[in-house]
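The values are calculated or read from the model by the stated rules, or taken from the named source; none is laboratory data. All values reported here derive from a predicted model rather than from experimental measurement. Glycine also receives a Cβ, built like all others from the backbone with ideal geometry; neighbour counts cover every protein chain displayed. Only protein heavy atoms, including side chains, enter the accessible area calculation; ligands, DNA and RNA are left aside. Shrake-Rupley method; radii C 1.70, N 1.55, O 1.52, S 1.80 Å.
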Amino acid sequence: MSEAAGPGLAPTAPQGAPDSRARRALHGLLWNYGSSLATVVLQLGYSACTSRMVSPAAFGAFATASAVTAVVGYFSNSGIATCLLTAERLSRQLVALALRVAGVCGVLCFLGAQGVAFGVGFLWDMPELEPMVRLIGFQFLSLPAGLAAVAALHHCGRTPQVARLQLAGHVTAAVVSLVLLVAGRSPLALAACAPTSSAVLLLGALWLLRRENLPDGSRPPVRGLVNASGFFSGFSLAQYAVISAPLWLAGRLGASAAGHYSRASMFTGVPVTVLAQGIGLTTTPVLAADRGRSRQAVADVLCLGSAIAFIGFGALAGVGPAALNLLLGPGWETAAALVPLLAAGAALTLLSSVGDSVNQARDDRRSLVVTQAWATAAVALALTVVVARQSLTLLAAAAVIGPLACHVAQLVRWRVQGVVAVRPVLRVHAVHLAAGATLALAGHWGAVAGGGPLRGLLLGGAAAFLVLACALPLRRRLPLHSVAVRHGLLPRPSWSARVRSAARPARQQ
């Protein structure tokens with residue numbers, strides 16, 4: 001496969017010129033993460049307010065209603081957003097067709113949610129449950145089309161505008177819910193959040209799309225779009241099943257084991273979901289512009305994912321146990337002890353997710369199926385051992401083995417297909433893994449020396465920060481630094497520094 005630079009993350013201008021597409025993609029990534037952080041803070045504040053205004057029984061009904069509608073939610077998008085993200089070129093006809101298909105799918109899911117609401121009244125003795133499911137189901141009238149419009153905007157490079165729009169939707173939904181609670185203190189106000197947020201998202205995204213000057217194109221076949229979206233929807237559902245399998249099996253080890261594992265997995269699962277979505281939304285359209293033919297572009301995306309995965313979750317593995325002990329209080333030491341293993345699994349899950357984005361951009365569905373089959377087989381084998389040994393630690397290890405098998409399968413297939421040079425990718429992983437392991441050891445040492453959760457978190461964080469400060473002079477040896485310099489995100493080293501760097505190997509010889 002050719003290494004010629006295409007419109008991906010590889011340089012498209014003369015040597016030394018910054019790549020505007022890469023700058024826009026990484027700028028959008030920062031906007032995604034900033035918006036996600038603000039949303040998390042908003043959710044924490046909203047939860048603190050509503051917990052004082054709604055009874056625990058109403059919260060239980062809301063949690064059950066959310067879990068029931070989440071199953072329908074996996075079919076609400078039907079992969080339309082992924083199809084738009086991975087399109088080589090957007091046209092007005094393609095976006096219009098995607099919005100129509102998403103609208104039809106949303107209506108079907110809305111009707112399905114209303115049918116489910118009729119059935120839950122017979123299964124659970126919760127008077128508030130049925131109306132809550134019906135109200136939450138209204139989100140499907142706007143959510144699929146909203147997600148499709150957002151995907152088109154991401155493809156057009158409008159990530160900052162989308163990030164602000166999504167945050168505005170969350171703020172509007174929280175305000176509407178709180179106003180309804182203050183007015184009548186009805187628990188149905190909790191269920192009003194999802195429909196309000198999705199409606200704001202759809203209206204804002206359509207308004208932004210009207211301002212885009214999309215080119216004309218031929219009328220795309222409806223059947224092809226439906227088949228592709230169905231494949232991506234089924235693939236996402238299979239991914240969810242494999243990732244959630246250890247959590248489902250935790251109940252066989254007892255209620256206490258399930259509680260500890262669920263708390264620890266949530267602690268590491270939320271950040272990996274946010275990070276994976278951010279990388280996928282910003283880099284998939286860039287790679288899809290030339291179907292991932294630029295080996296340098298693929299290598300740069302993998303380098304970005306490797307640095308975030310190993311360095312970020314390495315720090316979490318070090319200070320995470322103390323942080324979770326502080327958040328949950330006494331009695332949750334077993335959950336905290338699972339954090340390092342689950343953080344390693346989260347890092348590998350992020351890597352495999354980035355690999356899936358590469359294969360989606362290349363429209364290589366066979367590789368998606370094969371690598372997911374490897375992950376499924378590895379998790380199934382690990383869970384068989386867990387059932388035999390009844391070990392919570394082995395259950396956490398199963399969360400590591402699955403994504404590891406998936407990423408190994410991705411590397412093997414890429415080497416055979418010539419997608420990317422695998423040895424340099426492995427060297428990049430090794431450097432970032434070493435940096436993350438150093439942060440993990442420093443954070444763990446500080447947390448152990450601190451004793452209590454609060455002091456452990458402070459000392460662990462200080463130790464990790466000290467390691468970062470000491471390693472600052474070595475930043476140019478990180479592969480991520482080289483990628484940032486090549487795309488103009490960081491200043492290039494001076495001429496004298498380049499001369500000294502080139503002369504160093506000669507002096508060593």
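Observations, loosely collected:
- Note on region 66-163: Kirkwood hydrodynamic radius from all Cα pairs is 14.3 Å, rounded to one decimal.
- Taking a Cβ cut-off of under 12 Å around V428, the surrounding Lys, Arg, Asp and Glu residues balance to a net charge of +2, with basic ones at +1 and acidic ones at -1.
- Within the chain: Cβ-based charge dipole about Cα centre, in debye rounded to nearest 20 (Lys, Arg +1; Asp, Glu -1): 1680 debye
- Under the simplified labelling scheme, the L426-R455 pair shows an inter-label distance of 4.5 nm, with each label point 7 Å from Cα along Cα→Cβ.
- The chain: DSSP helices with Cα axial extent of at least 24 Å and average Kyte-Doolittle hydropathy no lower than 1.6: 92-123, 453-471
- Stretch in the chain that is longest and holds no trypsin sites (Lys or Arg not before Pro) that DSSP places in a loop and that have at most 10 other beta carbons within 10 Å: 212-509
- Largest-first ellipsoid semi-axes for region 280-375, taking √(5λ) over the Cα gyration tensor eigenvalues, angstrom: 34, 14, 9
- Taking one quarter of the surface of the C-alpha convex hull of the chain gives a mean projected area of 26.5 nm².
- Working note: 222 nm ellipticity from helices only, DSSP H runs with n ≥ 4, each -39,500 (n - 2.57), summed and divided by the residues of the chain, gives -27000 deg cm²/dmol to the nearest 500.
- For region 210-280, the fraction of alpha-carbon pairs lying more than 21 Å apart is 55 percent, rounded to a whole number.
- Dividing the convex hull volume of the alpha-carbon atoms in region 225-324 by its residue count gives 119 Å³ per residue.
- Centroid-to-centroid, using Cα positions, region 52-74 and region 370-437 are 34 Å apart.
- Normalised radius of gyration (Cα atoms, divided by 2.2 N^0.38 Å) for region 144-265: 1.46.
- Farthest towards the positive end of the charge dipole of the chain, among the residues P160, V95, L203, is the Cα of P160, using unit charges on the Cβ of Lys, Arg, Asp and Glu.
- All-pairs Cα distance distribution in region 341-458, expressed in whole percent, bin size 5 Å: 2, 11, 15, 17, 16, 14, 11, 7, 4, 2, 0
- R0 of 51 Å, Cβ-Cβ distance R476-V179: FRET efficiency to nearest 0.05: 0.45
- For region 117-270, the fraction of 1.4 Å probe accessible surface lying on carbon and sulfur atoms is 64 percent.
- Theoretical FRET efficiency, 1/(1+(r/R0)^6), r = Cβ-Cβ of N213 and V485, R0 41 Å, to 0.05: 0.75
- Modelled label positions at A469 and R100, each set 7 Å beyond Cα in the direction of Cβ, lie 6.2 nm from each other.
- About its Cα centre, region 108-211 has a charge dipole of approximately 560 debye under the convention of +1 per Lys or Arg Cβ and -1 per Asp or Glu Cβ, with nothing else charged.
- Förster radius 35 Å - calculated FRET efficiency between L327 and V171, Cβ distance, rounded to 0.05: 0.90
- For region 354-451, the Cβ-based charge dipole about the Cα centre amounts to some 260 debye (Lys, Arg positive; Asp, Glu negative; other atoms uncharged).
- Averaging the Cα positions of each part gives two centres, and for region 183-240 and region 325-365 these lie 26 Å apart.
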